[in-house]
Amino acid sequence: ASTINFVAMCISDKERYRKNYEEYLAKNSFYTAYSKNMKTLNEAFSENSSNSVASVMYSWIDEELAYVQLPSFSGQQSYENTYGVMKVHSRKQSETELLAMLKSYAKKNDGTVESLDRTVGSESYTLYKLPIGKIPQMIWGNLFSHVVAKYAFFVDSYLVFANSES
């Protein structure tokens, strides 16, 4: 009821959507920046070059991708309560693949996968700290420009990218 902005996309043909999006970027001189972002993500998170991060994340989508902005509270940045939300085909598969990407990053950077366990009411969530921000914007464009995406977590069959742990 208090949502400020909500933009939902229903994507029934992910491959066609991606092809059309990339053609749009190329026609409007944005493809070079997009390609650079894809290279950054692949170098950071991929174990091998045959499976791009964008391809893996597109494969997770179950027809729904959304931008959500809730009101900011006193003391918060104006876009702190802004989220990228994706309905996933299989939470288990998506979470396994997300964790594999984070482990790959950690291995390449002599680190560990950072996560936080949180409980809200009777529900428990694991928040995965993302070492690279703006992933939704990098893959799906400027609609997600306010989604810093420092964290990712699953709620039922949805993957949520959040700007803060709170």
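Here are the numbers for this structure:
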read-out	value
The chain: calculated mean residue ellipticity at 222 nm from DSSP helix runs of at least 4, using -39500 (n - 2.57)	-11500 deg cm²/dmol
At q = 0.12, 0.22, 0.25 Å⁻¹, base-10 log of I(q)/I(0) for the stretch 104-166 (Debye sum, equal scatterers on each alpha carbon)	-0.34, -0.96, -1.09
The chain, relative contact order in percent, only Cα pairs under 8 angstrom and at least six apart counted	22 percent
Inter-centroid distance (Cα atoms) of the stretch 14-46 relative to the stretch 110-144, Å	21 Å
Candidate lysines - alpha carbon under 27 Å from Lys14, same-chain residues fewer than 8 apart omitted	Lys27, Lys36, Lys39, Lys87, Lys92, Lys103, Lys129, Lys134, Lys150
Ellipsoid semi-axes in whole angstrom, largest first, where each is sqrt(5λ) of the Cα gyration tensor of the stretch 1-47	25, 17, 13
Inter-label distance for Lys108 and Ser166, nm, one decimal - labels placed 7 Å from Cα along Cα-to-Cβ	3.3 nm
The chain, accessible surface, carbon-and-sulfur percent (1.4 angstrom probe)	49 percent
Per residue accessible area in Å² of the chain, where ligands, DNA and RNA are left out and the probe is 1.4 Å	58 Å²
Largest-first principal axis extents, alpha carbons of the chain, Å	44, 37, 30
Rotationally averaged projected area of the stretch 1-99 (alpha carbon convex hull; nm²)	8.5 nm²
The stretch 91-166 - percent relative contact order, Cα under 8 Å, separation 6 or more	23 percent
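The values are calculated or read from the model by the stated rules, or taken from the named source; none is laboratory data. From a predicted model like this one, the values you see are computed outputs, not experimental measurements. Every residue, glycine as well, gets a Cβ built from its backbone with ideal geometry; the counts of neighbours run over all protein chains shown. These area figures cover heavy atoms from the full protein model, side chains too; ligands, DNA and RNA do not enter into them. Shrake-Rupley method; radii C 1.70, N 1.55, O 1.52, S 1.80 Å.
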